[in-house]
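First up is the structure itself, then whatever we jot down about it.
Laboratory data are not the source of any read-out in this text; all were calculated from the coordinates shown. All values derive from a computational prediction rather than experimental measurement. Glycine also receives a Cβ, built like all others from the backbone with ideal geometry; neighbour counts cover every protein chain displayed.
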Amino acid sequence: NGLPEHSVKLINSLESLKGLFDLVLIKVPKTLALLEDQLIRLRPHLMPSTQIILAGMIKTLPPSIWKMLERLVGSTTTALARKKARLIFASLDADLAVPANPYPVCYRLEGSDYLISNHANVFSRDSLDIGTRFFLQHLPARQDAFDIIDLGCGNGLLGLMAAERNPAATIHFVDESFMAVASAKENFYRALGQERKATFRVGDGLTDFEPNSADLILCNPLNSQERY
């Protein structure tokens, strides 16, 4: 659109929005919960004249997306599919009540008193997934582990339980998702208190870590990033 670079502002998924928008473009995320969170955050910043356009691949657009848009925004229409993709157009109905944001959601970690908080874009936000449950049964307890990295930390469960089993260690949580890191931070300090040593960073894998700086790296990778 010929805009200068200084007019472009990048914000993360948890930052507050300001002002009113004339045009909103959304690439439909794989996780409908994230779209719900985004739409609820956007609602106070929309006008009846705001043009709202969403785009997604047909195979990843669930039928429930239309009902969600009509419930949270207003009337919805679609364009003809092109190259297996589709545009969705939504118009604000100012008479619709803005619902309370249901995220983050929480559950009690089985076998503990820990309350686990999960923002909208966190994997397995409603319950403990089978992979993490298996991993937790095999977390090591080491006397020589002083720096432990929870790589791709999600809600931070691995790092939290590693901290419990390795009380002398500093736990380093890293994930590419702002919502994941925020969830991990909330869960860690709620469970173990502010005094326990930990760091939290949004980043690309181990890029921001010095070579040979970790005694133990924990990682529970997803089968496919598209499931995130």
Suppose a student asked you for the relative contact order of the chain, using Cα pairs under 8 Å spaced at least 6 residues apart; what percent would you report?
16 percent
Below 13 Å, Cα to Cα, which aspartates and glutamates can Lys197 reach? Residues fewer than 8 away in the same chain don't count.
Asp147, Glu164
What are the residues whose amide H is under 5 Å from the amide H of Thr199, where those residues sit 5 or more places off or on another chain and H is modelled from the backbone?
Ile171, His172, Phe173
With r as the distance between the Cβ atoms of Lys30 and Ser7 and R0 = 30 Å, compute the FRET efficiency 1/(1 + (r/R0)^6) and round to 0.05.
0.50
Over all alpha-carbon pairs in the range 5-90, figure out the percentage whose distance exceeds 19 Å.
38 percent
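Can you put Ile11, Ile116 in order of Cβ neighbours within 10 angstrom, beginning with the fewest?
Ile11, Ile116
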Could you work out the relative contact order of the range 5-90, using alpha carbon pairs under 8 angstrom and six or more residues apart, expressed as a whole percent?
28 percent
Whole-Hz couplings from phi, Karplus 6.51/-1.76/1.60, listed for the range 159-166; x for Gly and Pro:
x, 4, 6, 5, 5, 5, 8, 10
Listed pairs Lys9/Lys30; Lys9/Lys83; Lys59/Lys83 exceeding 21 Å between Cα atoms
Lys9/Lys30; Lys9/Lys83
Residue-averaged 222 nm ellipticity for the chain, from DSSP H runs of 4+ at -39500 (n - 2.57), nearest 500
-6500 deg cm²/dmol
Pairs of alpha carbons in the chain whose separation is greater than 30 Å (percent)
36 percent
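Please state the relative contact order of the range 74-133 as a whole percent: Cα pairs under 8 Å, 6+ residues apart?
21 percent
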Using a Förster radius of 22 Å, what is the FRET efficiency between Gln51 and Val98 based on their Cβ-Cβ separation? Nearest 0.05, please.
0.65
For Phe89 and Ser127, what does the FRET efficiency come to when R0 = 35 Å and r is the distance between their Cβ atoms, rounded to the nearest 0.05?
0.50
For Lys84, the aspartates and glutamates lying under 14 Å Cα to Cα, once residues fewer than eight places off in the same chain are dropped, come out as none
